[in-house]
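Undergrad: Attaching a single structure in structure tokens format; questions to follow.
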Amino acid sequence: MTPKDPGPAYCLNPACGKPIGRTIGSGRPRAYFSDACGRAYRKAREKSLTPDALAHQAFTGQVADELAQVITRLLQLAHTRQPLAALSLMRVAEADLEDLKAALIQQARDDRQRNADIAQCLGLPSEQLTRKYSTEAVRRRKESRPLRTRTRVRLPRQATPAPSPVPQTTPATRLPAHRRTPDGGGEMTTSRARAPDRHTHGPAAVLTRALAQLHYASGKSRRELATDVEVSASYVSRVLNGERCPSWKVARRLTLACGGDPAEVQPLWAAARGRIPSQRQSLPAALRGLHLAAARPHTDQIGLSTRLTEHTITGMLDGTALPSWEDVEELAHALHAEAQPLRPLWNAACAALSGPPPRTADPATKVTG
């Protein structure tokens, strides 16, 4: 009886895949085109991740993503001068760092790295690494993380600093603490007092911070960015370090290469160059540029350091409301920038409404046209 034809077969090595000429007879059939294919296949199979290794990899990615969110929030708190909230959040960041360290150690073990090499990266003796970060200790830390994330600290609200008392020697010619109504009569209304801001940055520094934020968000290297902008990498470094103020052509290309909006950066560039912003530039775009330079803090964080409501801040940034000049000053100072370069844009916005500018102490006026 003639044996049945086994049919065509192909090499198990994915990099080869050539057909194998099998002969009918006894013995194990060939599975590889050559011995080299067999060695390559077995080596690749040894490097394939086990289910436990895949679980460790997923845990590492999860912790890294959550830590990145905590660090972003921590930076925002530091930039907006909220030290108590930042210190409380550091406890969360430190716990996340320990979880990430344990996860990376286990990931290195899954890749069959030696304990001595892992300990050298951490600057620890091998015995201490084995004792403190054993496989069982890493497993317990992984299983207890959900409980720790449910009991994370609640950030305290940063108290708004009280206005500085006016010394008795203040000359009588200074602005009084109260202002009268427009018709000169009626009750006296208290104007908002605001402590002087000592942490504002000049226009050049604000432009540098805005471009640096765009570069950071883009994820590109400075060399890649220089290629996109068609300038040297050293020039890009000087711009991002604040050593050079670029031309608008270069600043615009930098903004576009990083996925930013040139309309938000152009008012900052004009102020850094000492130029009066053009009428084509809008006040909301300039405020969004300051918001970008301050790492785009949330409106509730801005509200903690100002007397502006979240609704007012949102309206100022998206252009649905024309704010008073006092509101513009307060928002600019909260974003660590000088407000005076925005004055021409605010005047132009008021003139566009074909009416008199809103009074200093008035709340934001709705834009009707």
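The values are calculated or read from the model by the stated rules, or taken from the named source; none is laboratory data. In this text, all values refer to a predicted model and were calculated from it rather than measured experimentally. Please note: Cβ atoms are built from the backbone with ideal geometry, for glycine as well, and neighbour counts cover all protein chains shown. For accessibility, only protein heavy atoms count, side chains too; no ligands or nucleic acids. Shrake-Rupley method; radii C 1.70, N 1.55, O 1.52, S 1.80 Å.
Undergrad: Using a 1.4 Å probe over the heavy atoms of the protein chains, calculate the carbon and sulfur portion of the accessible area of the stretch 215-321 as a whole percent.
TA: Result for the stretch 215-321: 47 percent of the exposed heavy-atom area is carbon or sulfur.
Undergrad: Moving to a separate point now. Can you work out ³J(HN,Hα) from phi for every residue in the stretch 306-312, in order, using Karplus 6.51 cos²θ - 1.76 cosθ + 1.60 and θ = phi - 60°, giving whole Hz and x for Gly and Pro?
TA: Each residue of the stretch 306-312 in turn: 9, 10, 8, 7, 4, 5, 5 Hz.
Undergrad: A further question on this structure: How far, in nm, would the chain grow between residue 78 and residue 131 when pulled straight, counting 0.36 nm per residue and subtracting the alpha carbon separation?
TA: Taking 0.36 nm per residue and subtracting the Cα distance, the gain is 15.5 nm.
Undergrad: What order do 90, 316 take when sorted by accessible area (1.4 Å probe), most exposed first?
TA: Sorted by accessible area, descending: 90, 316.
Undergrad: If you don't mind, another one. Might you work out the accessible area of residue 33 for me, using a 1.4 Å probe with all protein chains in place, and round it to the nearest 10 Å²?
TA: 90
Undergrad: Tell me the accessible surface of residue 65 in square angstrom (1.4 angstrom probe, heavy atoms of protein chains only), to the nearest ten.
TA: 100
Undergrad: Starting from the Kirkwood radius over alpha-carbon pairs of the stretch 272-321, derive D by Stokes-Einstein at 4 °C in a medium of 1.567 mPa s and give it in µm² s⁻¹.
TA: 109
Undergrad: Once fully extended, how much extra length lies between residue 237 and residue 218, figured as 0.36 nm per residue of separation less the alpha-carbon to alpha-carbon distance? Walk me through the numbers before you get to the answer.
TA: Working: separation 19, 0.36 × 19 = 6.84 nm, distance 1.52 nm.
That works out to 5.3 nm of additional length.
Undergrad: Then there is this: Pop out the Kirkwood hydrodynamic radius of the stretch 302-345 from its pairwise C-alpha distances, inverse of mean 1/r, in Å to one decimal.
TA: Taking every pair of different Cα atoms in the stretch 302-345, averaging 1/r and inverting gives 10.5 Å.
Undergrad: On to the next question. I'd like the accessible area for residue 66, computed on protein heavy atoms only with a 1.4 Å probe and all protein chains in place. Round to 10 Å², please.
TA: Per-residue accessible area (residue 66): approximately 50 Å².
Undergrad: Set the Förster radius R0 to 41 Å, insert the Cβ-Cβ distance between residue 87 and residue 351 as r into 1/(1 + (r/R0)^6), and round the FRET efficiency to 0.05.
TA: So, using R0 = 41 Å, E works out to roughly 0.35.
Undergrad: Can you give me the long-range amide H partners of residue 20? Hydrogens built in the peptide plane at 1.01 Å from N, cutoff under 5 Å, separation of 5 or more residues or another chain.
TA: Hits under the 5 Å cutoff: 9, 10, 11.
Undergrad: Straight-line reach from residue 18: which aspartates and glutamates have a Cα under 18 Å away, not including same-chain ones fewer than 8 places off?
TA: 35
Undergrad: Report ³J(HN,Hα) in whole Hz for each residue of the stretch 121-131, in order, from the Karplus equation J = 6.51 cos²θ - 1.76 cosθ + 1.60 where θ = phi - 60°; Gly and Pro get x.
TA: 5, 8, x, 10, x, 4, 5, 5, 4, 5, 6
Undergrad: May I pose another question? Determine, from the Cβ-Cβ distance of residue 263 and residue 64 and an R0 of 35 Å, the FRET efficiency 1/(1 + (r/R0)^6), rounded to the nearest 0.05.
TA: 0.55
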